[in-house]
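Shown next, in structure tokens, is the structure this report addresses.
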Amino acid sequence: MIGADALTHSLIENGVELCITNPGTSEMHFVSALDRIRGLRCVLGLFEGVVTGAADGYYRLKGKPAATLLHLGPGLGNGIANLHNARKARSGIVNVVGEHALHHIAHDAPLTSDIEGIARPVSHWVRTSKNAGEVGADGAEAIRVSRSKAGQIATLILPADTAWSEGAVPARSAEPEPRTRVEAARIEAAAAMLREPNCLVLLGGVAVREPALALAGKVAGKTGCTLMAEFNNARLERGAGRVDLPRVPYVVEQAIKLLAPYRHVILIGAKTPVAFFGYPDKPSVLLNPQAQVLELATVDDDLLAVLQDLVQACKASQAPLAQVAERSALGQAYGALNPESIAQVLSVCIPEQGIVIDEAVTTGRQFSATTRGALPHCWLNSMGGSIGFGMPNAIGAAIACPDRAVICLEGDGSAMYTEQSLWTMAREQLAITVVIFANRSYAILRGEFNAVGAGLPGQRAIDMLSLDRPVLDWVSIAQGHGLKAERVSEAEAFQKALTRAVASKEPSLIEVLL
């Protein structure tokens, strides 16, 4: 058996079901194996950032790793931005990166590069197979690593000759490294802190999903503590009837004001809240300087067990849920399109168990309060802040959950980073509605220009922060990629368009003019 066949069998036999690909010459034997050996769904992305971002979204919803297929160092390099996001989200991914045949590397051909060096900053594990006999076991180990703890990124580099050579065998993966159980003494320390006034429990990771979320609600119901979520969440489950988690605001001044009252802070799967950037004369840490912080559990710990233990320690098993969101009574939206009216439309139109991918950037910061009462749904943010995550993530989410509607909220500037995603949506006929908020500028950068005290922007600075001359025609862009598309300029039309698009269960795009 050749190495490419052994790797394919190892992926299938260890439960990997999806390979998202952008292959080149060095990977053709692996492409042939994927063609001949049944068991893996193969999806093509026209840019490697689409491939890696889709793998991230798939893991966030499916909870199991996809494989990617990338072409040499430049292909991996093209995918790094969304691998950065995936690493921050703790998404499990198995990257298969082609390499020149081992005997060819010494000749320094044009595509030769330090692939391991490129991979390490965005991988928890990196290995280059040295011969065909190692490929099957290396693939199995990559899968084991990707499933370990909260999820990890494993990058396997596959030289072309190890893929085409004989002498390979598939391998079974060992058990992944489990989440860690938090010791009883730390649980008791947290229970004691919860008896103090002005206590905040900041949640992250799987603690912002059911059933952990309901347990947190019981703790709050018993102790009176406040529950919040981090600003960025890999998958926040929310909506009417669920425990509502306000997010720590993005804007530094707003976050400091909101967090100022809390003198006791317990972190469960979350980190101490810090500013997205460092600013002149503004603090990096957003908590009250007098706050006592207890890191009860990291994202790699067994967060469900932590909350179960905390419920017992607080004698909260019979407590009512605190902070439960009520169903929104909003109806038809009218008038101008702005963050408030857009949020009203979303609150009405998000279907039950819908999946919202949020890269709306400045437009979307005001959506949370209104949409908290929508039908139960989940909300995905960029965890690493790298632009261009939204539409690729939507692809992965839609493949993972084909029976659920996906709504992707995109800024027009962010969408241009991975607009090739639209083609994959059309080719795979995924139930995704892309909503482009067209303010025709990098509005977030204009805000940051002011926030860092860079002065008044002149014309050259404005040109670097604008998307005009020419304006982007998103209806034409979407139609050119094979999607149905329309443009709206007022709230009533947007609500009707979004209702139609979600009901169609087809890939489509709505350009919202702001």
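The values are calculated or read from the model by the stated rules, or taken from the named source; none is laboratory data. Not measured: the values here are computed from a predicted model. Cβ coordinates were reconstructed from backbone atoms using ideal geometry, including for glycine residues, and neighbour counts include every protein chain displayed. Remember, those area values only see protein heavy atoms, side chains included, never the ligands or the DNA or RNA. Shrake-Rupley method; radii C 1.70, N 1.55, O 1.52, S 1.80 Å.
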Please list, ordered by chain and number, the residues whose modelled amide H lies under 5 Å from the amide H of Glu295; skip anything fewer than 5 residues away on the same chain.
Leu267
What do you get for trypsin sites (Lys or Arg not before Pro) in the range 38-114 restricted to DSSP loop and a cutoff of at most 13 other Cβ within 10 Å of the site's Cβ?
Arg38
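May I ask for the net charge around Glu295, where only other residues with Cβ less than 14 Å from the Cβ of Glu295 are counted and Lys, Arg are +1 while Asp, Glu are -1?
Values: positive: Arg186, Lys271; negative: Glu183, Glu230, Asp300, Asp301.
That sum, taken over residues with Cβ under 14 Å, equals -2.
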Whole-percent carbon and sulfur contribution to the accessible surface of the range 59-120 (1.4 Å, no ligands, DNA or RNA) stands at 53
Calculate the spin-label point distance for Phe231 paired with Met416, positioning each point 7 Å from the Cα along the beta-carbon direction, and give it in nanometres.
2.4
Name the long-range amide H neighbours of Ile407: under 5 Å, sequence gap of 5 or more, or other chain; modelled H, no Pro or chain starts.
Ile355, Val356, Ile357, Thr433
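May I ask you to derive the relative contact order of the chain, considering only C-alpha pairs under 8 Å and at least 6 residues apart, and to give it as an integer percent?
Numbers: 1243 pairs, mean separation 74.2, N = 514.
For the chain, the relative contact order is 14 percent.
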Amide H neighbours of Ser129 under 5 Å, counting only residues 5+ apart in sequence or on other chains, H built in-plane at 1.01 Å?
Ile157
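Quick check on the range 162-311: take the gyration tensor over C-alpha atoms, sort the square-rooted eigenvalues as a ≥ b ≥ c, and tell me if it's rounded (a/c under 1.5), prolate or oblate. All intermediate terms of the calculation are to be shown ahead of the outcome.
Working: a/c = 2.18, a/b = 1.54, b/c = 1.42.
Judged from the Cα gyration tensor, the range 162-311 comes out prolate (a/c at least 1.5, a/b above b/c).
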Distance in nm between label sites at Asp403 and Ala369, each 7 Å beyond Cα in the beta-carbon direction?
3.7
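Keeping all protein chains in place and using 1.4 angstrom, which order do Cys19, Cys42 fall into by accessible surface area, from largest down? Before the final figure, lay out the partial values.
Details: Cys19 0, Cys42 60 Å².
Result of the area sort, largest leading: Cys42, Cys19.
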Using a basic spin-label model with each label point 7 Å from the Cα along Cα→Cβ, how many nm lie between Val293 and Tyr334?
4.9
By accessible area of protein heavy atoms, probe 1.4 Å, what ranking do Trp474, Trp125, Trp164 get, highest first?
Trp164, Trp125, Trp474
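Can you give the local net charge around Arg41? Use residues other than it whose beta-carbon is closer than 11 angstrom to its beta-carbon, Lys and Arg +1, Asp and Glu -1. Write out the running numbers ahead of the final one.
Numbers: positive: Arg38; negative: Glu17, Glu428.
Its environment carries a net charge of -1.
Set the Förster radius R0 to 22 Å, insert the Cβ-Cβ distance between Val274 and Glu448 as r into 1/(1 + (r/R0)^6), and round the FRET efficiency to 0.05. Each step should come with its number before you reach the end.
On the way: r = 16 Å, r/R0 = 0.72.
Efficiency computed from Cβ-Cβ geometry: 0.85.
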Round to the nearest 10 and report in Å² the accessible area of Met464, as given by a 1.4 Å probe over the protein chains' heavy atoms.
140
The local net charge around Pro402, scoring Lys/Arg +1 and Asp/Glu -1 for residues other than Pro402 whose Cβ lies under 13 Å from its Cβ, equals 0
Could you work out what % of the accessible surface of the range 373-514 is carbon and sulfur, using a 1.4 angstrom probe and leaving DNA, RNA and ligands out of the count?
55
Starting from 0.36 nm per residue, how many nanometres of slack lie between Arg181 and Thr112 once their C-alpha separation is accounted for?
20.4 nm
Cysteines in the chain lacking a second Cys C-beta under 4.7 Å
Cys19, Cys42, Cys314, Cys349, Cys378, Cys401, Cys408
Rounded to the nearest 500, the 222 nm mean residue ellipticity computed for the chain from DSSP H runs (n ≥ 4, each -39500 (n - 2.57)) alone is -11000 deg cm²/dmol
How do Lys218, Lys505 stack up against each other in accessible area, from largest to smallest, with a 1.4 angstrom probe?
Lys505, Lys218
The range 160-221: GluC sites (Glu not before Pro) falling in loop per DSSP and having at most 15 other Cβ within 10 Å
Glu183
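How much length is gained if the chain between Glu492 and Leu46 is pulled fully straight, taking 0.36 nm per residue apart and subtracting their Cα-Cα distance, in nm to one decimal?
Numbers: separation 446, 0.36 × 446 = 160.56 nm, distance 3.51 nm.
So the chain would gain 157.1 nm between Glu492 and Leu46.
Looking at the chain, send over the antiparallel percent of its DSSP beta bridges, to the nearest 5.
Values: 8 of 74 bridges.
Rounded to the nearest five, the antiparallel share is 10 percent.
Can you give the FRET efficiency for Ala260 and Trp164, using 1/(1 + (r/R0)^6), R0 = 60 Å, r = Cβ-Cβ distance, to the nearest 0.05? Show your work: numbers first, answer last.
Working: r = 63 Å, r/R0 = 1.05.
For R0 = 60 Å, the calculated efficiency reads 0.45.
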Exceeding the 23 Å Cα-Cα cut-off - candidates Lys149/Lys271; Lys88/Lys505; Lys62/Lys149; Lys62/Lys88
Lys88/Lys505
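Over the chain, give the accessible area per residue in Å² for a 1.4 Å probe, as an integer. Display every interim value, and only then the final one.
Values: 20300 Å² over 514 residues.
For the chain, the solvent-accessible area averages 39 Å² per residue.
Pop out the carbon and sulfur fraction of the accessible area of the range 133-258 as a percent, whole number, probe 1.4 Å. Spell out each step's value before the answer.
Numbers: 2450 of 4750 Å².
With neighbouring chains kept in place, the figure for the range 133-258 is 52 percent.
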